[in-house]
2 protein chains.
Amino acid sequence: MDIRSEVKKMKEDSPKMAALSLETRNQALLAVAEALQQQKEKIFEANQKDLEAAAESGLPQSVQKRLKFDAHKLADVISGIKELVKLPDPLSQVQLSRQLDDHLNLYRVTCPIGVIGIIFEARPDALVQISSLCIKSGNCAVLKGGRETAATNKVLFGIIYQTVTDCGLPSGCLLQAEQHNEIDELLSCHDCVDLLIPRGSNQFVQYIMNHTKIPVMGHADGVCHTYVDEDYDMEKALPVLVDAKTQYTAACNATETLLVHRRIAEEFLPKAEAALRAAGVSLRGTLEASQYIDCEIMEEAEFHTEYLDMVLSVKLVDSLEEAVRHINTYGSHHTDCILTENPEHAETFMQLVDSAGVYQNCSTRFADGFRYGFGAEVGISTGKIHARGPVGLEGLVTYKYKLYGQGQIVADYAEGRKSFHFQELDRG
Amino acid sequence: MDIRSEVKKMKEDSPKMAALSLETRNQALLAVAEALQQQKEKIFEANQKDLEAAAESGLPQSVQKRLKFDAHKLADVISGIKELVKLPDPLSQVQLSRQLDDHLNLYRVTCPIGVIGIIFEARPDALVQISSLCIKSGNCAVLKGGRETAATNKVLFGIIYQTVTDCGLPSGCLLQAEQHNEIDELLSCHDCVDLLIPRGSNQFVQYIMNHTKIPVMGHADGVCHTYVDEDYDMEKALPVLVDAKTQYTAACNATETLLVHRRIAEEFLPKAEAALRAAGVSLRGTLEASQYIDCEIMEEAEFHTEYLDMVLSVKLVDSLEEAVRHINTYGSHHTDCILTENPEHAETFMQLVDSAGVYQNCSTRFADGFRYGFGAEVGISTGKIHARGPVGLEGLVTYKYKLYGQGQIVADYAEGRKSFHFQELDRG
């Protein structure tokens, strides 16, 4: 059967998945954790094959590292599943309950989105993480992993699928796409896939966003900024800047651009240069910045660049407002920080910067579902429609309006024989 | 200046619009209500021109009716604005406040989406309604109305724009597009328009959805169903069905298809036929339905049809499950109703039907922001991402995460020197 037919069938089955009790969903998750533990050797063997193939094909070390699924990763995903089981049910939450008129009661109740397509590169742990989140939230999921971990993905998917269907989940709850050409087929399924979540490189996510009519949740790039205000504190600024740039350069929330108020450039920049160089960072900057630091000269248009590497762009600005304008123009609306001791400047920055995360005096690297206390994370969204920023379970649910009547008709209200009295009801 | 340049400028100005106080936004709205009242003759004159042109060009009566902007419509939009002023501020609402660690506080706070593009056909009152909603929610708006009411729209926009900028709103807060070719230009502005809200015919909305990368909120069609369950009550069923079909046939929430459980077809259908015919409805149905009623025979595929007219499709089903399957397959996920006295059947229907509104024993015509007590309505969304169903102010806002630190770095947490303690803070 081709992917389109399978996904269409999944869509038809999705209301059954949505109707499962919390108990059934949680039991399935616990059984998955158990099964992964029991069949770990099979997983590690498959992963070994993927790693060997990757080494042979000459993939960069940094990518090879992300392919690895070892005892440490296994322990992580298992503990992730157990945490997920403890989280409250994202479904059947009553968000509004209102009596419109006598015996005409309206409820807004959360429900799954339906069918989620997940397309990810590398990182086989993403397969476990995201399918667990879909199960907890009652969504059906089509999973397409990267070819570099095809063997690992196949084994992981097999274990999860077998386990959850044994636990009573419908046979159409999860589906694995294994062929690369199936991605384009999946992207064309806008009539049966409700949401796509891509996880991978800028180019990869951009391709997906540009080739589908299905709503996409995620982010293509993370061009994050740290702005050093004139009222900054050197003791906080240096470690925060170094952490934001270097703590994990491959992450989307790593700082790519340093903006510095002109008035403090002479004092701050040489110290920043020393601290950054000591951490292994090389600098690129405007002609003006090069008066204070040793850096490669860059053009204005290059401030769009996401390095994901030990490189930092540097620019001086005249004012807080200029910093904001730069960030809103060249940034990716992900996460941006102001280093300042002036609370008014911080508030202005937070108000005017149009990003999912706006920070004062801390590393942009904090932008993460775990660090926000959300438990597992589906991804980080730079879109403003639906979920924004780090997205946990609530990004996988929508709601429906339920209206219970006893024969009411609109004509009575339109023609003045009856009127609404709108009264909030007790929840539950 | 072309639309793209103007919208780009608007995007740059949008943080200023977002930063206005509630008082400023409300004062601007009250001033608009006042100005519309004072300049009503100018509006009526312009509308008279539009109506004359429409009559000359031979537009259908039903469309001509929707072009009218008279004293009655004026009173409606003015009272709508006054109601809107009374609603609580949708901005700066704290949705989450959490201490991640000592002196590291996270807040999730609502903010405007940014720049909204609104493209609507006919109905000049929509211009006033939607621009008021955008002002209340701190969004900038690009408005493109139908050419049939170009004169009315121009006058209305002129009054609103002059008034709000006099009240201190930024000059880039509202923009009117007047040329038809500007629609395609607007659709291509995915880098500076955050959300599109189209209001118009199925074909019109479908065109917009298919020709832009900007997220679209709304609905193309409304193929709503009323399903008569075996445990129905004749006294409720007949008036509800007649209301759902006939109370306003041009509305998206009018019922287009009647599904009837086979077991009660013989008893129910002849009475339904009599009631519907008395109301002026003509029937189309499956071959099987024609055994009970006098109807034009229709094909299965035609059940996708949205008549927006005094016509109803009729089909018999074997079970509640078959009714659900039909609705999920042929419906538009808008609003669907079950007529039943059996609470379990109602719950199953509501659980399994994948629509924004699921009703028991009342007319599908209730699906409307005013009838839900939301005040003004931006539109009705059949999408599942972001707002669903009738959408009021909350569909025009998103949120950002604000994180206040005192120099915290991620390395301390990643390397175990510090740990998060996640503690909810008092709101405010």
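Bear in mind these aren't lab numbers, they're just calculated from the coordinates by the rules spelled out. Owing to the predicted nature of the structure, the values given are computational and were not obtained by experimental measurement. Cβ atoms come from the backbone with ideal geometry, glycine included; neighbour counts cover every protein chain shown.
Taking amide H atoms as placed 1.01 Å from N in the peptide plane, the amide H of A:S188 has no partner under 5 Å among residues 5 or more positions away or on other chains.
Say R0 is 22 Å: what FRET efficiency, to the nearest 0.05, do A:S419 and B:Q61 get from their beta-carbon distance? Before the final figure, lay out the partial values.
Details: r = 30 Å, r/R0 = 1.38.
Computed FRET efficiency for A:S419 and B:Q61: 0.15.
If packing is taken as the average count of other Cβ atoms within 10 Å, what order do A:44-50, B:57-63 fall into, highest mean first?
Details: A:44-50: 18.1, B:57-63: 11.0.
Highest-to-lowest ranking by the protection proxy: A:44-50, B:57-63.
Applied to region A:280-287, the Karplus parametrisation 6.51 cos²θ - 1.76 cosθ + 1.60 on θ = phi - 60° returns per-residue 3J(HN,Hα) values of x, 8, 9, 10, 10, x, 5, 3 Hz, with x for Gly and Pro. One Cα centroid belongs to region A:75-125, the other to region B:298-317; the line between them spans 34 Å.
What ranking of A:K136, A:K11 emerges when the number of other C-beta atoms within 10 Å of each C-beta is taken as an exposure proxy, fewest first? Don't jump to the answer; show the numbers that get you there.
Details: A:K136 25, A:K11 21.
Ascending Cβ contact count within 10 Å gives the list A:K11, A:K136.
For the pair region B:323-383 / region B:186-253, the C-alpha centres are spaced 12 Å from each other. For peptide A:395-401, the mean count of partner chain Cβ atoms within 10 Å of a residue's Cβ comes to 6. Where a Cα-Cα gap under 29 Å defines reach, which lysines qualify for A:K8, not counting those fewer than 8 residues away within the same chain? Within the straight-line limit of under 29 Å, A:K8 reaches these lysines: A:K16, A:K136, A:K144, A:K154, A:K213, A:K384, A:K400, A:K402, B:K213, B:K315, B:K384.
Based on the mean of other Cβ atoms within 10 Å per residue, sort peptides A:413-425, A:208-220 so the most packed one is first.
Working: A:413-425: 12.5, A:208-220: 20.1.
Most protected by this proxy first, the peptides run A:208-220, A:413-425.
Averaging the sequence gap over all C-alpha pairs within less than 8 Å and six or more residues apart, then dividing by the number of residues, gives chain A a relative contact order of 19 percent.
Averaged over the residues of peptide B:105-112, the number of Cβ atoms from other protein chains lying within 10 Å of each residue's Cβ is 3.
Can you give the alpha-carbon Rg of region A:118-218 over 2.2 N^0.38 Å, where N counts its residues? Walk me through the intermediate numbers first.
Numbers: Rg = 13.0 Å, N = 101, 2.2 N^0.38 = 12.7 Å.
So the Cα radius of gyration is 1.02 times the expected 2.2 N^0.38 Å.
Working note: Debye formula, equal point scatterers on the alpha-carbon atoms of region A:202-309, no solvent; log10 I(q)/I(0) at q = 0.14, 0.19 Å⁻¹ is -0.61, -0.98.
Placing +1 on each Lys and Arg Cβ and -1 on each Asp and Glu Cβ, with no other charges, gives region A:36-183 a dipole about its Cα centre of roughly 200 debye. Under the simplified labelling scheme, the A:D426-B:T24 pair shows an inter-label distance of 4.4 nm, with each label point 7 Å from Cα along Cα→Cβ. Charge tally around A:N26: other residues with Cβ under 14 Å, Lys/Arg +1 each, Asp/Glu -1 each, net 0. The residue in chain B that lies nearest, by its beta carbon, to the axis linking chain B with chain A is given here with the distance in whole angstrom as B:H386, 2. For chain B, a Gaussian network of Cα nodes joined below 10 Å ranks B:V164, B:V410, B:V128 by mean-square fluctuation, and the top entry is B:V410.
In deg cm²/dmol, rounded to 500, what helix-only [θ] at 222 nm does chain B give when every DSSP H run of at least 4 residues adds -39500 (n - 2.57) and the total is split over its residues?
Values: 14 runs with 173 residues, N = 428.
The per-residue figure over chain B is -12500 deg cm²/dmol.
Taking amide H positions as placed in the peptide plane 1.01 Å from N, state which residues far from A:C337 in sequence (5 or more) or on other chains have amide H under 5 Å from it. When sequence neighbours closer than 5 places are left aside, the close amide H contacts are A:H225, A:T226, A:Y227, A:Y359.
Please report A:K40, B:K86, B:K65 as a ranked list, fewest other C-beta atoms within 10 angstrom at the top and most at the bottom.
Working: A:K40 17, B:K86 8, B:K65 13.
With the fewest neighbours first, A:K40, B:K86, B:K65 line up as B:K86, B:K65, A:K40.
Extending 7 Å from the Cα toward the beta-carbon at both B:E83 and B:E45 defines two label points whose distance is 3.1 nm. By the count of other C-beta atoms within 10 Å, a proxy for reagent exposure, A:H326, A:H225, A:H333 are ordered fewest to most as A:H326, A:H333, A:H225.
Ignore the peptide's own chain and count Cβ atoms of other chains within 10 Å of each Cβ in A:353-361; give me the average, rounded. Before the final figure, lay out each step's value.
Values: counts 2, 10, 2, 4, 5, 8, 7, 6, 8.
For this peptide, the per-residue mean of nearby foreign Cβ atoms is 6.
Kirkwood-type hydrodynamic radius, chain B: 23.9 Å, calculated from all non-identical alpha-carbon pairs. Of the residues A:A71, B:F420, A:P15, the one whose Cα sits farthest towards the positive end of the charge dipole of the protein assembly as shown is B:F420 (charges of +1 on Lys and Arg Cβ, -1 on Asp and Glu Cβ, taken about the Cα centre). Across region A:224-366, the mean sequence separation of Cα contacts (distance under 8 Å, 6 or more residues apart), normalised by length, yields a relative contact order of 34 percent.
Give, rounded to the nearest 20 debye, the magnitude of the charge dipole that the protein assembly as shown has about its Cα centre when Lys and Arg contribute +1 at Cβ and Asp and Glu contribute -1 at Cβ. List each step's numbers first, then the result.
Values: 84 positive and 122 negative charges, 98 e Å.
With only Lys, Arg, Asp and Glu charged at Cβ, the dipole is about 480 debye.
Residues with beta-carbon under 9 Å from that of B:D2, excluding B:D2: net charge, scoring Lys, Arg +1 and Asp, Glu -1?
Residues near B:D2 contribute -2 overall.
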